[in-house]
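J.: Have a look at the structure that comes next, please.
The values are calculated or read from the model by the stated rules, or taken from the named source; none is laboratory data. Owing to the predicted nature of the structure, the values given are computational and were not obtained by experimental measurement. Surface accessibility is based on the protein's heavy atoms, side chains included, excluding ligands, DNA and RNA. Shrake-Rupley method; radii C 1.70, N 1.55, O 1.52, S 1.80 Å.
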Amino acid sequence: NAGVTQTPKFRVLKTGQSMTLLCAQDMNHEYMYWYRQDPGMGLRLIHYSVGEGTTAKGEVPDGYNVSRLKKQNFLLGLESAAPSQTSVYFCASSYVEAGGLYEQYFGPGTRLTVT
Amino acid sequence: QQQVKQSPQSLIVQKGGIPIINCAYENTAFDYFPWYQQFPGKGPALLIAIRPDVSEKKEGRFTISFNKSAKQFSLHIMDSQPGDSATYFCAASRCGNRDDKIIFGKGTRLHILP
């Protein structure tokens, strides 16, 4: 199992450009998440999905859109990149056990720089 | 009420010492408290987790202490090693709620001196 994979690993954009980050998981998890990590800010949830075809806003959704057309994929889009979106982006997936415990599995991250 | 406050922001400990990282929460509905470990250039990974029906959980050199009345929990690393140098995140959530999310603390950057 590859677990959670993210592409690309690195990207440099100019202000106003658009791009899509791809997250894929092979664990058949229902839940998927996009976070951004900035120094001193921890992990902040951008958007998440509790199943194929569903998405919801997290803590910092502005400037981002997402889609979950297939259960194994979760796409994060930036329509018009801004320098404030320079960050490391992590995708995660999780499941819910019968007892309710769930672990989040994280991808390796995408380092995005917007100039 | 959704916040998880983590301290300290950074910590330096000599090899063999016992670093302690503390977290506090406000939402009494939280019932799952994991700790994640993140090495430089990698994604976070689950280290250890606790439910509020126990006051302590040990896995190897890592121990979570949980104080339900104070709404606090902490991570202790026994006999710390340079390989434990990483960023540690505490988190909290409500299990089983389909729309719920994990709330992360801001992280503690731990450095173990050789």
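J.: What's the Kirkwood radius of chain B in Å, using all Cα pairs?
T.: Result for chain B stands at 14.2 Å.
J.: Given H placed 1.01 Å from N in the peptide plane, which residues other than close sequence neighbours of B:ARG94 have an amide H under 5 Å from its amide H?
T.: Excluding prolines and chain starts, which carry no amide H, the hits are B:ASP31, B:LYS101.
J.: Express in whole angstrom the spacing between the alpha-carbon centres of the range B:27-87 and the range A:1-77.
T.: Rounded to whole Å, the Cα centres lie 25 Å apart.
J.: Per 10 Å bin, what is the whole-percent P(r) computed from every C-alpha pair distance within the protein assembly as shown?
T.: 8, 32, 35, 20, 5, 0
J.: Take chain B, connect every pair of alpha-carbon atoms lying under 10 Å apart with a spring to form a Gaussian network, then pick out the residue of B:THR28, B:THR63, B:THR87 with the largest mean-square fluctuation.
T.: B:THR28
J.: Using only protein heavy atoms and a 1.4 Å probe, how much accessible area in total is buried between B and A, to the nearest 100 Å²? Please list the in-between numbers first.
T.: Working: alone 6540 and 6270 Å², together 10940 Å².
Between B and A, the summed buried area is about 1900 Å².
J.: So what are the range A:32-115's ellipsoid semi-axes, whole angstrom, largest first, if each one is the square root of 5 times an eigenvalue of the alpha-carbon gyration tensor? Walk me through the numbers before you get to the answer.
T.: On the way: eigenvalues 106, 45, 22 Å².
Three semi-axes, in Å: 23, 15, 10.
J.: Just give me a number: lysine pairs in chain B, eight or more positions apart or cross-chain, with C-alpha atoms less than 26 Å apart.
T.: For chain B, the number of qualifying lysine pairs is 27.
J.: So how compact is the range A:1-60: Cα radius of gyration and Dmax in angstrom?
T.: 13.2, 37
J.: Another question, if that's okay. Enumerate the calculated ³J(HN,Hα) couplings along the range B:10-25 in order (Karplus 6.51 cos²θ - 1.76 cosθ + 1.60, θ = phi - 60°), each rounded to whole Hz, writing x wherever the residue is Gly or Pro.
T.: Karplus-based 3J(HN,Hα) across the range B:10-25 equals 9, 8, 10, 9, 6, 3, x, x, 10, x, 10, 10, 10, 9, 10, 10 Hz.
J.: Write down the accessible area per residue of the protein assembly as shown in Å², having rolled a 1.4 Å probe over the full set of protein chains. Display every interim value, and only then the final one.
T.: Working: 10940 Å² over 229 residues.
Value for the protein assembly as shown: 48 Å² per residue.
J.: Another one. Please express the shape of the range B:70-113 as an equivalent ellipsoid: the semi-axes are the square roots of 5 times the eigenvalues of the C-alpha gyration tensor, given largest first in whole angstrom. Numbers along the way, then the final one.
T.: On the way: eigenvalues 148, 27, 16 Å².
Sorted largest first and rounded, they come to 27, 12, 9 Å.
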